[in-house]
Amino acid sequence: MPTMTGRLVAMDARWLQRVVRAIAVATVASWASVAPAVTHTKFVEGLAAPVDLQHAGDGSGRMFVVEQRGSIRVVRNGQLNAGWFLDITALVVSGGERGLLGVAFHPAYASNGRFFVNYTRAADGATVIAAYRVRADNPDLADAASAQILLTIPQPFANHNGGVLRFGPDGYLYIGMGDGGSANDPGNRAQDRFNLLGKILRLDVDGGNPYGIPATNPFASGGGGRPEIWAVGLRNPWKFAFDRATGDFFIGDVGQDRFEEVHRFDAAAGGGANLGWRVMEGVHCTGLPGLVPCFDPALSRPIIEYSHSAGCSVTGGTVYRGTAVPALAGRYVYGDFCSGRIWSAGLNRLGVWIPRDIGNTGIAISAFAEDEAGELYFADYALGEIRRFAAEPADRIDVIEYYNAALDHYFMTATPAEIHALDSGTLKGWARTLRSFSALTQAASGTSPVCRYYLPPAFGDSHFYSASPVECDEVRAKFPGFVSEGASVLHIALPDTVTGVCAPDTVPVYRVWNNRANANHRYTTDPAIRNAMVAQGGIAEGYGPDHVIMCAPQG
């Protein structure tokens, strides 16, 4: 194994003096340092661009995953069925914000077998809301010939299709429609009450053919707006959900250039709300003309807003009512598709919703969903995985990776004070990379202590970590100028020293030295990053042909 000590022995003190004043830490990470009581584990893999997942409420325990290309897969007991529950790829245009985007199961699905989908039609890009039935002879296979079209809504542009549909506690089907696309809603469709774009629709799928209008819809009579409309003024609702305990309605609405927002409506609230787009983005005036003025008191204000410094596309979530993760009990969990950040929000004593950052996953989060027991999952769009929330083991710790562009250095730390200093800007120029992996705070079977060394300013003001007791001892003996900051600051497993293979339930971690006077190490679980650094002249340091340096706990 190419080792740090072997490389450093070949250098003298002049190299140390050439190292620029910078932080250069290599250690191990997960994503729970802000909220160590919450983690996530892989539930199922092998999917193609999952964009929605739901249970059927039929007591089977199955989950149904929507793939953007036009198919629905069944997950039973944590295993992905080989075939498709529904395959309508021939009907669907997929890519970007188009595709098969959502599914909802009828509240009486166990007896009537009806479910509903929202897709973008291949012929012309229109949104189609259609009903299907499961086959009588196979509960894992839908009857593709049973399609009944409820609504067809023309789309003027390819983006902002919305796509979510859910049944509310009132038994009606709610449908989220984007504003028709382009940018800044050029047709002001979201405020046009006679246009179905930029709205929440509500249909009675049992009260007519193909549907009826609930009598309590705000324009049920057709006067003043389309009778299907329940709320107006949305830009692109990407996921909404009803709290299974209270019936409250939470809507994530994707912003334009500056802000993402989440709205909440009390279960007792009627329809007719105006969420403000395109006049407002979050609680801010856009300067765009509309049918209502900015800050009009009739406009609904979001309960949560965040700027594009934290992400760029909100994925609405749900209120956690399961039992496996006590730290999330009664809190609204949501995330961002671009940054991979996940938050939970709860009410404070003043009735204000306060978000809590519970993780930087680095995952393209396309959906959240509950199973029949109320346990919470989210979809990884890029990797084709479903992940499940879990309670973090008490001894699990996060180390967060940062990057300083001016120094071209990476830095990883699990120390709360350092994380605060980096996030707050006290240490200038550092930004989270959204990449991390897990370690343990205490010794456990099969783990090794991680030592941390500091090079004082005279030697470069740098840090490095090692999980090899031999390497730690060699550094201590051969480089007395290095200051030990702990012989066991973390604990993590080592791979087989010959093959570099990690034990089950762990993931390989690679260490790469940049091979420059401006010395820096990066630890990563991504072999593509390792390969790219090596291609640029870096040196991989680890065991076996893949140069694995450590094995991090999975999840």
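Annotations for the structure displayed:
- Spatial separation of Cα centroids for the range 241-309 and the range 391-412, in angstrom: 34 Å
- Cut-off under 5 Å, modelled amide H: who pairs with V38 long-range: E392
- Using θ = phi - 60° in the Karplus curve 6.51 cos²θ - 1.76 cosθ + 1.60, the 3J(HN,Hα) couplings for the range 135-150 round to 5, 5, 9, 7, x, 9, 9, 7, 8, 5, 7, 8, 4, 10, 7, 8 Hz; x is entered for Gly and Pro.
- Annotation: extensible slack from D170 through S111 equals 19.4 nm (criterion: 0.36 nm per residue apart, minus Cα-Cα distance).
- Straight-line reach from K428: taking Cα to Cα under 13 Å and skipping same-chain neighbours fewer than 8 places apart, the aspartates and glutamates in range are E418.
- Placing unit charges on each Cβ (+1 for Lys and Arg, -1 for Asp and Glu) gives the range 38-391 a dipole about its Cα centre, and among T246, P50, G222 the Cα reaching farthest toward its positive end belongs to T246.
- Whole-Hz Karplus values for the range 385-390 come out as 10, 10, 10, 10, 5, 8 Hz, taken residue by residue from phi with 6.51 cos²θ - 1.76 cosθ + 1.60 and θ = phi - 60°; glycine and proline positions read x.
- For D398, the residues whose amide H sits under 5 Å from its own are S30, A32, S33, ignoring neighbours fewer than 5 places away on the same chain, with H placed 1.01 Å from N.
- Length added when fully stretched, S307-T41, from 0.36 nm per residue minus Cα-Cα: 92.9 nm
- Sorted on the mean count of surrounding Cβ atoms within 10 Å across their residues, most packed first, peptides 419-425, 199-205 read 199-205, 419-425.
- Across the range 342-348, rounded Karplus estimates of 3J(HN,Hα) from the backbone phi angles (6.51 cos²θ - 1.76 cosθ + 1.60, θ = phi - 60°) give 10, 10, 10, 10, x, 7, 8 Hz, Gly and Pro being marked x.
- By the helix-only formula, in which each DSSP H run with n ≥ 4 contributes -39500 (n - 2.57) and the sum is divided by residues, the chain has a 222 nm mean residue ellipticity of -2000 deg cm²/dmol.
- Cleavage-rule hits, trypsin sites (Lys or Arg not before Pro), the range 396-501, DSSP coil, Cβ neighbours within 10 Å at most 13: K428
- Gain on full stretching of the segment that runs from V507 to A417 - 0.36 nm per residue minus C-alpha separation: 29.7 nm
- Counting DSSP beta bridges with both ends in the range 237-387, the antiparallel % (nearest 5): 95 percent
- Amide H contacts of T506 (H built 1.01 Å from N, under 5 Å, at least 5 apart or other chain): Q554
- The range 38-391, dipole about Cα centre (Lys/Arg Cβ +1, Asp/Glu Cβ -1), debye to the nearest 20: 140 debye
- Structure-derived Rg and Dmax of the Cα atoms in Å: which label, when the choices are (1) 53.9, 196; (2) 26.1, 85; (3) 23.4, 74: (2)
- Reach of K478 by Cα under 12 Å, taken over aspartates and glutamates that are not fewer than 8 positions away in the same chain: D12
- The chain, relative contact order in percent, only Cα pairs under 8 angstrom and at least six apart counted: 16 percent
Just so you know, all these numbers are worked out from the coordinates, no wet-lab data involved. Please read these numbers as outputs of a predicted model, since none were measured by experiment. Note that each Cβ is placed from the backbone with ideal geometry, even for glycine, and that neighbours are counted across all protein chains shown.
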